[in-house]
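Below: the structure, in structure tokens.
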Amino acid sequence: MIIALGVLGFLGLFAVLSLIGVPGGSAPSLGPKSYRTNVDCQVNTVGSQGTVTISGTITGDATSYSVTVEVLDAASHQRIGVQTFEVRGTTSFGGNTAAQVPVGPAGIECKIAKVA
């Protein structure tokens with residue numbers, strides 16, 4: 001009788017786990033997006049105003065991406081600007097964003113901070 005209760009408990013646990021999507025169950029899963037990016041930026045400062053022009057490309061297996069680009073001071077690596085681009089139906093993105101100034105003598109760096 002104890003063995004029968006143990007077997008029933010195990011089968012009940014297996015049924016619950018398969019319903020909630022534990023590996024081995026039938027729940028669908030989405031994989032990560034595969035992509036390749038390239039980004040470039042130029043800074044233009046006039047007095048206490050700064051503008052960064054960002055241009056980039058993304059290629060991969062998805063039809064749309066949300067790409068966040070951070071603009072950093074090259075010497076201190078402090079963030080001086082950030083811009084998010086919604087990329088659909090194309091591989092290129094770009095635009096202008098305000099930048100905190102002053103920018104150090106080493107210039108700026110752009111990096112892809114997030115892709116979704």
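Each reported figure results from applying straightforward, stated rules to the coordinates on display, with no laboratory input. Predicted model, so just to flag it, every value in this text is computed and none were measured.
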* Extended-chain gain in nm, criterion 0.36 nm per residue less alpha-carbon gap, Thr68 and Ala116 -> 16.4 nm
* To do: Using 0.36 nm per residue of separation minus the Cα-Cα distance, give me the extension gain between Thr59 and Asn38 in nm, one decimal.
  => 6.6 nm
* So what is the relative contact order for region 35-115, in percent, with contacts set as C-alpha pairs under 8 Å and at least six apart? -> 38 percent
